[in-house]
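Inspection log for the structure reproduced underneath, given as structure tokens.
The values are calculated or read from the model by the stated rules, or taken from the named source; none is laboratory data. Everything numeric in this text was worked out from a predicted model, so none of it was measured. Here the Cβ positions follow ideal geometry from the backbone for every residue, glycine too, while neighbour counts run over all protein chains shown. These area figures cover heavy atoms from the full protein model, side chains too; ligands, DNA and RNA do not enter into them. Shrake-Rupley method; radii C 1.70, N 1.55, O 1.52, S 1.80 Å.
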Amino acid sequence: MASLNVSLCFFLATFALCQASRRAAKALLPGGAYAHFAREAMRMLVELGPWAGGFGPDLLLTLVFLLLLVHGATLDGASANPTVSLQRFLLAEASLPCTLLELAAQALGVQAAGALTRLYWAWGLSDLHVLQSLMDPHCSSALRTAVPHGALLEGSCAFLLHLVLLRLQGSLAIHRVLAVALLLTAAACTAGPLTSAFLNPALAASVTFRCSGHSLLEYVQVYWLGPVTGMLLAVLLYHGRLPRLFQRNLLYSQKSKYRVPRGRPVPGPGGSQTPEEGSRGRGPGSGGQPLSSSH
């Protein structure tokens, strides 16, 4: 119980620190610098929390769900996920410089989050955190399945996440926050024992890339290529194309909004004929009657 209380205090203190930093950055920095750098960096500080607690699966899932709800309600538009930033770029919702700025902020934020967590463990506020501090240099891999299977799991979960994000664009914020929190918690419950269900290349790189058990290339295949592929498939399925790269729909046929009227048969003395056929047999100046031959 002491470890739980200490960790909850750490989560709350980190959240308060990020909120205060976010407000200060919003007031002091230019709008572009805050929108694409500061909020992403600060969001990454709280992203690492659920994976740094060291609790059992039931309690961890509860904390993940509650923290996702809090983060979703206060993220101020930040994604803290490189695949979401890439999705915005492919949808032509963000320019290349803004996307690169977001990716740099996410990399910086996740490094700061890792350093803050290790500093917190080093304080030794509970026996569990003393143990984690001692084991940190010798961490074990979060990938506990074959590389192709892990890539498939991470890609499938990322595909569902991005499909939900695309579907809920423009909907009420409470609906998006609740749907994403439920989906990520379900992913952590199902794929978590095998890959930890990061669905976030930056977060995975900070938590498990330095751990022994797999090579860097294997980690990249599972935690980078898997989520990016899932995101690309979600955008293709939802839009039928990648708007930044293709103007033409690649999957779905485009139906014309206007229908070309078709000629209907017009009843006449000699049977039914279309208007075009009737006009072909008429001569000029005859009032619609055929010309008679003179004898």
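Once a ≥ b ≥ c are taken as the square roots of the eigenvalues of the Cα gyration tensor of the stretch 159-249, is the result rounded (a/c under 1.5), prolate (a/b larger than b/c) or oblate (a/b not larger than b/c)?
oblate
Roughly how many percent of the accessible protein surface of the stretch 102-173 is carbon and sulfur, given a 1.4 Å probe and a whole-percent answer?
About 71 percent, which is the carbon plus sulfur part of the accessible surface.
Please tell me the relative contact order of the stretch 64-204 in percent, rounded to the nearest whole number, where contacts are Cα pairs under 8 Å and at least six residues apart.
Reported as a whole number, the value is 36 percent.
By per-residue mean of other Cβ atoms within 10 Å, what is the highest-first order of 98-109, 213-224?
Highest mean packing first, the order is 98-109, 213-224.
Points 7 angstrom from Cα along the Cβ direction at Met135 and Leu182: gap in nanometres?
Calculated label separation equals 3.4 nm.
Could you calculate the contour length gain from Ala25 to Asp127, that is, 0.36 nm times the residue separation minus the distance between their Cα atoms, to one decimal place in nm?
33.1 nm
Ranking request for peptides 177-186, 197-206: highest mean number of other beta-carbon atoms within 10 Å first, then the rest in descending order.
The densest-packed peptide leads the list: 197-206, 177-186.
Could you give the nm distance between label points at Leu119 and Ser253, where each point is 7 Å from its Cα heading toward the beta carbon?
It is 6.2 nm.
Determine the distance separating the Cα centre of the stretch 195-228 from the Cα centre of the stretch 90-113; give it in Å without decimals.
Cα centroid to Cα centroid, the span is 18 Å.
Subtract the Cα-Cα distance of Leu17 and Leu96 from 0.36 nm times their separation in residues, and report this length gain in nm to one decimal.
Working it through step by step, the gained length comes to 25.4 nm.
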